[in-house]
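A short worksheet on the structure shown next.
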Amino acid sequence: MHKLFAVDLAVEQQDFAAFHSQITAYSGRLLRFAALRFSPHLTRSQQFLRPTRWLVTLQREGVAYVAQGGRSSEIRAGDLFMIDPARPFSIETEHIYTQSMYVEPDSLRRLIPEADNLTATAVSCSSGAAHVLANFVDDLFASASTLDEFQADHLANALPFMLGAAFSSTARQLASTPSRLRALHRQRVSDYLRDNLRNSALDANSVAQAVGLSTRYLYELFAGDKESLMKRVWSQRLEQCRNDLSSPTLGARSIGEIAYSWGFNDVAHFSRSFKQRYGVAPREFRRVATQKPCVPAMSE
């Protein structure tokens, strides 16, 4: 799965029953999809890899239970759902048959700004744009053997637009309350900061571009907080450095290496900031935090 689709999944069989699977796949330059038939199992993300594609699945037979980002849905035949394998998720299934597509996430985010908050959400394909998408998927699978790469690339470029239409109603419902939309935007920004904290080039402009918001609106989202957006980044980096400095297993790493690994560009500036925040220099903090406690000798 990872080699063909840049998606790595951990599949576990349920109980002690034998596990059976059948996969028929198409993997081109841009267009990638597969028909999957599985016996009951549990699928999770592989935390040591960073998948580069999202899993978009049309359930054809059986029932699945999906969960991600605090959301969970029961997926029945005729439903569509998305999963981001780079974040924790679970899919628990009965005997199922699905048609899955593997899509670049940035193309979805540009068309569906709320995409990260729509994963593990069931969309019925019984009518509207989702029904059109389901018919398109049927034709796509039926025509796979006759596609050349040029045609396949054009279909791959069209797919995010069709998904955007299919998820449009759900996205509008999600955005119907302004306060809820702001909360979702804040969560997306927080998730991005967490995942990119080590990037020393991180700034408001790059964050805004990555999450599909204007820099001005990004500042407005966090205007009422105790800490500004970039001050929050600074605080989180200091906290991560503090954790690393207190870890005996990282004793061989220099203070400079730890500071650089969490996005600081200047060790002297880091040391001043650390002392300002915690009241003690990094070297002294590490010495105290990692020293072994003295155990008094037992008297006879």
So the check is Cβ under 7 Å with 6+ separation or different chains; which pairs have a first residue in the range 259-270 that's on the phi > 0 side of the Ramachandran plot and a second one that's not in a loop (DSSP other than H, G, I, E, B)?
G263/R237
The range 65-102, residues that are open to solvent by less than 40 Å² (accessible area, probe 1.4 Å), in a loop (DSSP other than H, G, I, E, B) and among the hydrophobic types (A, V, I, L, M, F, W, C)
A86
Residue pairs, Cβ under 6 Å, 6 or more apart or interchain, first in the range 16-38 and within 15 Å of L55 (Cα to Cα), second open to solvent by 70 Å² or more (accessible area, probe 1.4 Å) and modelled with pLDDT under 90. List them.
A25/L4; S27/L4; A34/I23; A35/T24; L36/I23
Could you grab me the full set of residues in the range 19-37 that are among the aliphatic types (A, V, I, L, M), open to solvent by 70 Å² or more (accessible area, probe 1.4 Å) and assigned to a loop (DSSP other than H, G, I, E, B)?
L30
If a residue must be within 30 Å of I112 (Cα to Cα) and open to solvent by 70 Å² or more (accessible area, probe 1.4 Å), how many such residues does the range 229-246 contain?
1
Given the condition more than 30 Å from A115 (Cβ to Cβ) and surrounded by 13 or more Cβ atoms within 10 Å (Cβ to Cβ), answer yes or no: does some residue in the range 216-224 qualify?
no
Go through (1) under 13 Å from V56 (Cβ atoms); (2) within 21 Å of the chain's Cα centre (by Cα); (3) free of Cβ contacts under 8 Å to residues at least 60 places away in the same chain and name the single condition A130 misses.
(2)
Yes/no for S235 being among the small types (G, A, S), in a helix (DSSP H, G or I) and either at negative phi or out of contact with any Asp or Glu (no Cβ under 6 Å at 6 or more places or on another chain) (or both)
yes
How many residues, within the range 209-263, are in contact with a helix residue (DSSP H, G or I) (Cβ under 6 Å, 6 or more places away or on another chain), farther than 22 Å from Y278 by Cα and aromatic (F, W, Y)?
1
Taking the range 103-151 and keeping residues of a type outside the set (A, V, I, L, M) and either open to solvent by less than 10 Å² (accessible area, probe 1.4 Å) or in a loop (DSSP other than H, G, I, E, B) (or both) leaves E104, P113, E114, T119, T121, C125, S126, S127, S143, D148
Kindly evaluate L159 against the criterion of being at pLDDT 90 or above, touching a Leu at 6+ places or on another chain (Cβ under 8 Å), open to solvent by less than 20 Å² (accessible area, probe 1.4 Å) and among the aliphatic types (A, V, I, L, M).
yes
Flagged in the range 263-291 as open to solvent by 50 Å² or more (accessible area, probe 1.4 Å), of a type in the set (A, V, I, L, M) and farther than 25 Å from R194 by Cα, in numbering order, are V288
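The values are calculated or read from the model by the stated rules, or taken from the named source; none is laboratory data. The model shown is predicted, which means the values in this text are computed figures rather than measured ones. Using ideal geometry, Cβ is built from the backbone for each residue, glycine included, and neighbour counts are taken over all protein chains shown. The accessibility values were calculated without ligands, DNA or RNA, using every heavy atom of the protein model including side chains. Shrake-Rupley method; radii C 1.70, N 1.55, O 1.52, S 1.80 Å.
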